[in-house]
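The values are calculated or read from the model by the stated rules, or taken from the named source; none is laboratory data. Here the structure is a predicted model, which means the values were calculated and not measured. When we count neighbours, we look across all protein chains shown, and the Cβ atoms used for this are built from the backbone with ideal geometry, even at glycine. Heavy atoms of the whole protein, side chains included, go into the accessibility calculation; ligands, DNA and RNA do not. Shrake-Rupley method; radii C 1.70, N 1.55, O 1.52, S 1.80 Å.
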Amino acid sequence: MSISPTLSSMLFIVLLSLTTPSFAVTLQGVEVPESLPPEGDRPSLSLNGAATRRFLVFVDVYVGALYVEQTTHEAQTLLADEGYRRMEFTMLRDVRGRKIADAFYEGMRLNISKQQAEDIRGEIEQMVHMFDQKLEKGDTAVVEYIPGVGAQVWLDGHDRGVIPGKKLFDAILSIWIGDYPVSQDFKAGILGTPQQTASRTADRN
């Protein structure tokens with residue numbers, strides 16, 4: 001049985017839509033997909049939000065994206081989430097990974113207590129060691145929380161290992177959406193909400 005040209009075209013469009021990722025937003029030339037397909041034990045993840053990290057207002061450093069199982073505009077809900085969560089950092093310039101890790105540490109100190117920082121001292125040291133390589137423009141760093149396991153780190157597609165537990169991932173995420181985020185604009189982008197006017201703005205690393 002022959003298929004009409006019109007029907008063939010319709011089938012092609014349907015198949016194309018099933019195989020082509022749908023991009024939710026483009027920031028600084030970086031296409032951020034609205035969802036990530038299942039992989040291994042991990043279910044599909046949805047984009048909660050994305051934003052451009054700027055240093056001193058005019059220097060673009062990376063595009064950050066947060067993927068979760070259930071999206072929400074509530075920061076505390078995201079921090080308490082026990083499911084899979086994935087943070088992606090797509091570099092907009094060449095950066096030493098160690099510099100990023102140091103910025104993580106400084107940002108964490110603003111958003112967690114001294115005791116909490118002391119409790120994860122070993123995990124922080126492990127993170128700093130994992131990030132000890134150069135990331136070039138276009139490379140992506142990933143920190144993904146695996147429920148019951150810990151935070152898995154990839155740098156430019158290379159598996160750097162897993163940091164056990166949930167606390168370190170939550171501390172890193174707090175840099176984006178905690179009480180003292182890298183910026184209120186960035187936090188709003190990750191939460192998918194308009195910028196909060198009330199604020200303790202801290203445009204820090």
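May I ask for the net charge around GLU118, where only other residues with Cβ less than 15 Å from the Cβ of GLU118 are counted and Lys, Arg are +1 while Asp, Glu are -1?
Details: positive: ARG109, LYS114, ARG121, LYS167; negative: ASP119, GLU123, GLU125.
Here the charged neighbours net out to +1.
Along the three principal axes, how long is the stretch 24-79 when you take its alpha carbons, biggest first, rounded to the nearest angstrom?
So the three principal-axis extents are 39, 26, 17 Å.
Peptides 69-76, 172-179, 160-167: what's the order by average Cβ count within 10 Å, highest mean first?
Values: 69-76: 13.8, 172-179: 21.5, 160-167: 17.1.
Ranked from most to least packed, the peptides come out as 172-179, 160-167, 69-76.
By the gyration tensor of its Cα atoms, with a ≥ b ≥ c the square roots of the eigenvalues, what is the shape of the stretch 108-192: rounded for a/c under 1.5, prolate for a/b over b/c, or oblate? Write out the running numbers ahead of the final one.
Details: a/c = 1.66, a/b = 1.10, b/c = 1.51.
Cα axes put the stretch 108-192 in the oblate bin.
May I ask you to give the percent of accessible area on the stretch 83-205 that is carbon plus sulfur, with a probe radius of 1.4 Å? Could the numbers behind the result be given before it?
Working: 2620 of 5880 Å².
So the carbon and sulfur contribution to the accessible surface is 45 percent.
Going down the list LYS114/LYS167; LYS99/LYS166; LYS114/LYS134, which pairs span over 20 Å between their C-alpha atoms? Intermediate results must be reported in sequence, preceding the final value.
Numbers: LYS114/LYS167 14 Å; LYS99/LYS166 23 Å; LYS114/LYS134 29 Å.
Too far apart for the 20 Å limit: LYS99/LYS166; LYS114/LYS134.
Is the stretch 99-144 best put as rounded, prolate or oblate by its Cα gyration tensor, with a ≥ b ≥ c the root eigenvalues, rounded for a/c under 1.5, and otherwise prolate when a/b is larger than b/c, oblate when not?
Working: a/c = 2.62, a/b = 2.00, b/c = 1.31.
Taking the square roots of the gyration eigenvalues as a ≥ b ≥ c, the stretch 99-144 is prolate.
Over what distance in Å are the Cα centres of the stretch 99-128 and the stretch 42-76 separated?
Computed from Cα coordinates, the inter-centre distance equals 20 Å.
Determine, for each peptide in 32-39, 97-104, the mean count of other beta carbons within 10 angstrom over its residues, then list the peptides with the highest first. Each step should come with its number before you reach the end.
Numbers: 32-39: 13.9, 97-104: 17.8.
Final packing ranking: 97-104, 32-39.
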